[in-house]
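Here is the structure we will look at, set down as structure tokens.
The values are calculated or read from the model by the stated rules, or taken from the named source; none is laboratory data. Predicted, not measured: the structure shown is a model, and the values here were computed from it. Every residue, glycine as well, gets a Cβ built from its backbone with ideal geometry; the counts of neighbours run over all protein chains shown.
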Amino acid sequence: MIKAKSDMKTKRRQVLGKLAVWTLLWVLTEAIVVFGHKELWDGSKWITGLSLGVNVLIGIGMVFTYRNLMNLLDELERKIQLESMGLTLGLTLVIGLGYSVLDITNMIPWDAEIGNLVFFMGICYIACVLINTRRYC
Amino acid sequence: MKNRIKVLRAEKNLTQGDLADAVGVSRQTINAIEKEKFDPSLPTAFRIARLFGRPIEAVFQYEVE
């Protein structure tokens, strides 16, 4: 049983490493699409489409690797992740739509960028994981 | 749900880490179960009871809230 646990830890470390590589590739290809469109291939639509396709495929790979990592967690860790993801999803929906309404009604002088929502999601998820981990441990 | 894991663990001279490794969960999970902050799944509860060589009801006691 102890060997099984040790194997599990090794496997989890391996999947975590894979996830880091997928995430890095996804961020890099995202940056290539955004900057390459203007700076590298002078707005060529088919190159942009192709590189965006590669970016989306890598993104899907990243998501499935993340799912594999979730499957290697134990029951409490999964509960913490589930609660954190649920809270993050709900808060992002409510805050995101509220933020969008602020933009539509011109209550804010700037445009509501999707990047702000992604930033909010990240902060919210990290905070939820930390709070839930502290609550159970 | 109440449990006697801490007492049984002390009798067998096991650390939380030893028990976690034997049961196949993290040390934090054993800690949360011991402190009654988290109720384990049925398979985990059975694995813990089997490890101590006791029936499950000798390790875990369900309390009606």
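Results, tabulated for the structure shown:
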{"quantity": "Helices (runs of 4 or more DSSP H) contained in segment A:38-137 and holding at least 2 residues more than 14 Å from the chain's Cα centre (by Cα) and surrounded by fewer than 12 Cβ atoms within 10 Å (Cβ to Cβ)", "calculated": "A:45-71, A:75-104"}
{"quantity": "Failed item in (1) closer than 23 Å to A:Asp7 by Cα; (2) within 10 Å of chain A (Cβ to nearest Cβ); (3) loosely packed, with under 14 Cβ neighbours inside 10 Å, with B:Lys35 passing the rest", "calculated": "(1)"}
{"quantity": "Filter result (at pLDDT below 95 and among the aromatic types (Phe, Trp, Tyr)) within segment B:39-65", "calculated": "B:Tyr62"}
{"quantity": "Contacts under 8 angstrom Cβ, first residue in segment A:88-114 being within 18 Å of A:Ile126 (Cβ to Cβ), partner of a type in the set (Ser, Thr, Tyr) and modelled with pLDDT of 90 or more, 6 or more apart", "calculated": "A:Thr88/A:Tyr125"}
{"quantity": "Cross-chain or 6+ apart pairs with Cβ under 6 Å, segment B:11-32 first and at the interface with another protein chain (Cβ under 7 Å from one of its Cβ atoms) and of a type in the set (Val, Ile, Thr), then surrounded by fewer than 22 Cβ atoms within 10 Å (Cβ to Cβ) and outside any helix (DSSP H, G or I)", "calculated": "B:Val25/A:Asp74; B:Thr29/A:Asp74"}
{"quantity": "Test: A:Lys45 is more than 30 Å from A:Arg134 (Cα to Cα) and either of a type outside the set (Val, Ile, Thr) or in contact (Cβ under 8 Å) with a residue 12 or more places away in the chain (or both)", "calculated": "yes"}
{"quantity": "Pair list, Cβ under 9 Å, 6 or more apart: segment A:2-15 residue modelled with pLDDT of 80 or more and part of a helix (DSSP H, G or I), other residue among the hydrophobic types (A, V, I, L, M, F, W, C) and surrounded by 13 or more Cβ atoms within 10 Å (Cβ to Cβ)", "calculated": "A:Lys11/A:Leu72; A:Arg12/A:Leu69; A:Arg12/A:Leu72; A:Arg12/A:Leu73; A:Val15/A:Leu69; A:Val15/A:Leu72"}
